[in-house]
1. Among the residues in region 91-102, are any under 27 Å from the mean Cα position of the chain (by Cα) and on the phi < 0 side of the Ramachandran plot?
2. Return the pairs, sorted by first residue and then second, in which the second residue is crowded, with 16+ Cβ neighbours inside 10 Å and assigned to a helix (DSSP H, G or I), the first residue lies in region 114-142 and is without any contact (Cβ under 8 Å) to a residue 12 or more places away in the chain, the beta carbons are less than 7 Å apart, and the residues are 6+ apart or on different chains.
3. Quick check: is even one residue across region 105-126 surrounded by fewer than 16 Cβ atoms within 10 Å (Cβ to Cβ), in a loop (DSSP other than H, G, I, E, B) and in contact with a strand residue (DSSP E or B) (Cβ under 8 Å, 6 or more places away or on another chain)?
4. Could you list, ordered by first residue, the pairs with Cβ atoms under 7 Å in which the first is in region 149-165 and at positive phi and at pLDDT below 95 and the second is part of a loop (DSSP other than H, G, I, E, B) and surrounded by 15 or more Cβ atoms within 10 Å (Cβ to Cβ), at least 6 apart or interchain?
5. Taking the stated definitions as given, is residue 87 in contact (Cβ under 8 Å) with a residue 40 or more places away in the chain and within 24 Å of residue 129 (Cα to Cα)?
6. Which members of region 130-139 meet the condition of being within 12 Å of residue 168 (Cβ to Cβ) and not in a strand (DSSP E or B)?
């Protein structure tokens, strides 16, 4: 019996045909089983929680930005005239100084008022506040307010008298000029 050769059909590994039909779990130590449904659910819930946390943080950050922007806008409205107010303080100081003088002459008063007006004009210039003085210009209803119409020689619809100057802030009319406008004779 020692002379007999072992039967190759029944080895521990099995035949090559049997190895092809073997389940994938027997493929070796590198292969791993797909996660169970409970494990998949746990992973999905974990990702959902992470996404929820990220979304809540983004929402809170957006809300904080909105509140900060509102506070900045409120502050800008509240202190918008700060530069103009600072520029007007010397004008007020000049007027108060003029009133504090006891023995004032007409000439010194006039000189002081002229200097104060010069200061005020500089403030207006700095703030882009320009006067509208349309004498002898064509009447513009967007910048002028006609108070009366008078017969005058020359072209009709010309400003013949300025009763009160108007003012522009940049290109916006703050106050229209109050004017007298010419009309054609006999009209």
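The values are calculated or read from the model by the stated rules, or taken from the named source; none is laboratory data. Just so you know, these numbers come straight off a predicted model, no measurement behind them. Glycine gets a Cβ as well: all are built from the backbone with ideal geometry, and neighbour counts include every protein chain shown.
1. no
2. Partner pairs satisfying both residue conditions: none exist.
3. no
4. Cβ pairs passing all conditions: 157/139.
5. yes
6. 133, 134
Rundown of residues vs (1) over 30 Å from residue 120 (Cα atoms); (2) part of a loop (DSSP other than H, G, I, E, B); (3) in contact with a helix residue (DSSP H, G or I) (Cβ under 9 Å, 6 or more places away or on another chain); (4) at pLDDT 85 or above, yes/no style:
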{"position": "41", "(1), (2), (3), (4)": "yes, no, no, yes"}
{"position": "58", "(1), (2), (3), (4)": "yes, no, no, yes"}
{"position": "74", "(1), (2), (3), (4)": "no, no, no, yes"}
{"position": "94", "(1), (2), (3), (4)": "no, no, yes, yes"}
{"position": "99", "(1), (2), (3), (4)": "no, no, no, yes"}
